[in-house]
Amino acid sequence: MPFQRPEASRRPAVGIIGPGRAGLGLALALTRAGYTVRLHGRRKKAIPKPLQLAVGPPDASPPPAWVAQAGVVILAVRDDAIRPLAEALARGGAVRPEHVVLHLSGVQGQEALGPLVPSRAALGSLHPLQTIADPERAPERLKGAWAAVEGMPRALEVAEAIARELGMHPFRITGKAKAIYHAGAVFASNYFVVVQAVAQRLLRHAGLTDADAWQALRPLVEGTLENLSHDQPKDALTGPVVRGDDSTIRRHLESLTKDDALLYRALGRAALELAEKRGMDEATAARVADALATDLPLVLRPGAKT
């Protein structure tokens, strides 16, 4: 059954605690979707004017003063601040059974809101699988993104409705699965950036400036992303591992520092797994594995007995 957008009068008022990038971006997206949103918290940097006009300045008064007026309360704070904030809300006594309280952590589940269990509110989490570096672009960035939802039944329903209203694709996940799910997200986004920084540094050692190195790498990165836009990772992978080019792998490792070689080997072994799934024969896979183990202590080499 297609998603039916609720009438404006039936949308719950949303209170967001934490005016950081995620909180501001979500506030703007919800406001544009027709929700009544209230922001709470202190912020060191001034909020850009377009955002202030859309969602208003954050309220720094104690949250319990307005929590009672919100149907949904979203804790948009760093992971280690979720439980202390939940404890503060519990002490304030403003959270009631009719409330839905969500947090945005990718790695924690509803257990982070444990102090609010006695309130009998519906507790859960909503994690957009998208980066929000610029809050003003959040409404566009969230459209088409997937979102992990987890929690009590009513919290799940509300989190899914919010995600769909913002153009996202919600999917349910258990609290126990969130850590490995979020680790996957970190590999896809954060460590992808780190790998580009390593590549940039290696090109700098080859004689390019930082600026030229990144300009040289960008078309390669964009081409890779284009391949990934229509192929699964195992089918989009190219390079010496997939070709079975063990001599090139050995030359690469000879040119790298110890730390860079460790990263190269770890990624190379992951690439070899993909190559084997694509049908690489055993003899070629063995040559590649041996090349990737070059200069490793014998005990750390693939197949070594301990």
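A short reminder: the numbers here are calculations on the coordinates, not readings from a lab. Not measured: the values here are computed from a predicted model. No Cβ is skipped: glycine too gets one built from the backbone with ideal geometry, and neighbour counts run over all protein chains shown.
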Check your understanding: If R0 is 30 Å, what FRET efficiency do you get for Ala216 and Val186 from their C-beta distance, rounded to 0.05?
Key -> 0.70
Practice item. Would you calculate a helix-derived [θ] at 222 nm for the chain, using -39,500 (n - 2.57) for each DSSP H run of n ≥ 4 and dividing by the full residue count, to the nearest 500? Key: -15000 deg cm²/dmol
Exercise for review: Taking DSSP loops as anything outside H, G, I, E and B, show the longest stretch in the chain free of GluC sites (Glu not before Pro) there with at most 16 other beta carbons within 10 Å.
Suggested key: 99-306
Point to revise | Val221, Val101, Val288 arranged by Cβ crowding within 10 Å, fewest neighbours leading | key: Val221, Val288, Val101
Point to revise | Entry for Cα extents along the principal axes in Å (calculated from the structure that is shown) out of [x] 85, 57, 28; [y] 54, 54, 29; [z] 67, 44, 40 | key: [z]
Check your understanding: What dipole magnitude, in Debye to the nearest 20, does the chain give about its Cα centre under +1 on Lys/Arg Cβ and -1 on Asp/Glu Cβ?
Key -> 960
Check your understanding: Cα to Cα, under 12 Å, and not fewer than 8 places away if on the same chain: which aspartates and glutamates meet these conditions relative to Lys277?
Key -> Asp235
Revision key, fill the gap. In degrees, nearest 10, the alpha-carbon axis of helix 153-165 is tilted away from the dominant principal axis of the alpha carbons of the chain by 70
Revision key, fill the gap. Once Lys and Arg are counted +1 and Asp and Glu -1 for all other residues with Cβ under 12 Å from that of Pro240, the total becomes +2
Practice item. Calculate the dipole size of segment 98-144 relative to its Cα centre from +1 charges on Lys and Arg beta carbons and -1 charges on Asp and Glu beta carbons; express the result in debye to the nearest 20. Key: 80
Revision key, fill the gap. Given Cβ charges of +1 for Lys and Arg and -1 for Asp and Glu, the option among Val195, Thr36, Phe171 whose Cα lies farthest towards the positive end of the dipole of the chain is Thr36
Point to revise | Prolate/oblate/rounded call for segment 8-177, Cα gyration tensor, a/c under 1.5 rounded | key: rounded
